[in-house]
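Input: a single structure, listed below in structure tokens.
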Amino acid sequence: MQNFEAFKEKLKSPKNIVITTHHKPDADALGSSLALASYLKKKNHKVTVVSPTDYPDFLSWMVGNDDVLKYSEGGKGKSEEAIDEADLIFCLDFSSLKRINEVGDLVRESKAEKVLIDHHLEPEDFAQYVLWSTKAAATAELIHQLIVDLKDQDLIDKDIAEALYAGIMTDTGSFKHPNTTKNIFDVCGDLVGRGADTAKVAKLIYDNNSLNRIKFIGYALNEKLRVIPELNTAYFAITAEELEKFHSKTGDTEGLVNYALSIEGIKFAAVIIDRTEAVKMSFRSVGDFSVNEFAKKNFSGGGHKNAAGGISHTTLEETVSKFEELLQENKNELSTKTKIYA
Ligand code: 5GP
Ligand code: MN
């Protein structure tokens, strides 16, 4: 972090702190936020975590969950109050204020100083203190680094360790993605040493499905998977009616895209979902095809090179047509077989 000394100085006396994270927080977004909140509370700061929206139930075990203000779910007034009173606002796991919906305007206009801690590409320039690295697999890895740099490693207790571990486990795809560096194992070793129960975290996040979700995945795999072998692409397009039929809840479609990407030879996978208010897309790739570029250029989105998302304000059918046309436009890149592993 640049200005680290000034940042450290700032935290020396108790502050009113808000921690916010992106729309529909995932395990890294929420885990980083709640771990940082627990740590800052131990340092006698007053801390409020504001999520722009709700998030999946499989994250609700994290310590501090019950105090999270969900802006879009009745938490507007209290969130505004907390942001208004804040001396310092931490923005975690997103690089652009538009990723936090209306909360973004409140943060931008607030008199508080801002701290950006993130690992997404192309950070917007709005924060006075920035801990940013695209080399980090997860924001949780950066939170761990920050606590270590503040020489407070011993304040990492079991609850903080498990929230951070959850973020790292999911953002590395359970230690499967190329972002799984030596540092990741070093950090996770430290977290386990401080009490993180890795089997518990894995069970709570991955093996905690509702029957509806499992049936929905079965249906999607059987009926909705479209594979275009000549373009090494596979995707699902899901209608609003299908979501309703399977009583889909926040988080139920998470991970679906990975089934498409797991097919032999596939290097580009997508899930396109009609969320009624807009069509949301998740993109994943293996190798050199940058889904971040693809999402940014065509669907007002972004993310990382191999994992990104975007949005479309046309119908599901129109979005799918546009997506298929774009596949043809990217034919040269997509049709070549990448030999990723010897
Ligand atoms: P997911 O597909 O799991 O929702 O998101 C994959 C990655 O892309 C995450 O890092 C997420 O933050 C980012 N992402 C997802 N949707 C959007 C979007 O609409 N805009 C931007 N800028 N990033 C997104
Ligand atoms: Mn992340």
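Contact order, relative form, for the chain: 13 percent (alpha carbon pairs under 8 Å, 6 or more residues apart, mean separation divided by residue count).
When only Cα pairs below 8 angstrom with a gap of at least 6 residues are kept, region 211-334 shows a relative contact order of 20 percent.
Note on LYS224: lysines with a C-alpha under 17 Å away, same-chain residues under 8 apart excluded, are LYS215, LYS245, LYS280.
Of all the options LEU131, LEU243, LEU326, the one that moves most in a Gaussian network model of the chain with Cα springs shorter than 10 angstrom is LEU326. Packing-based ranking of 297-309, 164-176, 19-31 yields 19-31, 164-176, 297-309, ordered from highest to lowest mean Cβ neighbour count within 10 Å. Ligands, DNA and RNA left out, the 1.4 Å accessible surface of region 4-206 is 49% carbon and sulfur atoms. For region 26-31, 3J(HN,Hα) computed residue by residue from phi via the Karplus equation (6.51, -1.76, 1.60; θ = phi - 60°) reads 9, 4, 6, 4, 6, x Hz, glycine and proline entered as x. Length, then width, then depth: along the principal axes, the Cα atoms of region 211-334 run 39, 31, 23 Å. The C-alpha atoms of the chain define a longest principal axis, and helix 316-329 lies at about 80 degrees to it. Quick check: at a probe of 1.4 Å, how many percent of the accessible area of region 211-334 sits on carbon and sulfur atoms? Of the solvent-accessible surface of region 211-334, carbon and sulfur hold 49 percent. Prolate is the label for the chain, because the ratio a/c of its alpha-carbon gyration tensor axes (a ≥ b ≥ c) is 1.5 or higher and a/b is greater than b/c.
With all protein chains kept in place, the per residue accessible area of region 111-259 amounts to 47 square angstrom at a probe of 1.4 angstrom. All C-alpha pair distances within region 4-206, sorted into 5 Å bins from zero, spread as 1, 8, 17, 23, 21, 17, 9, 3, 0 percent across the bins.
The values are calculated or read from the model by the stated rules, or taken from the named source; none is laboratory data. As the structure is a prediction and not an experimental result, all values here were calculated from the model. When we count neighbours, we look across all protein chains shown, and the Cβ atoms used for this are built from the backbone with ideal geometry, even at glycine. The area values use the complete protein model at the heavy-atom level, side chains included, leaving out ligands, DNA and RNA. Shrake-Rupley method; radii C 1.70, N 1.55, O 1.52, S 1.80 Å.
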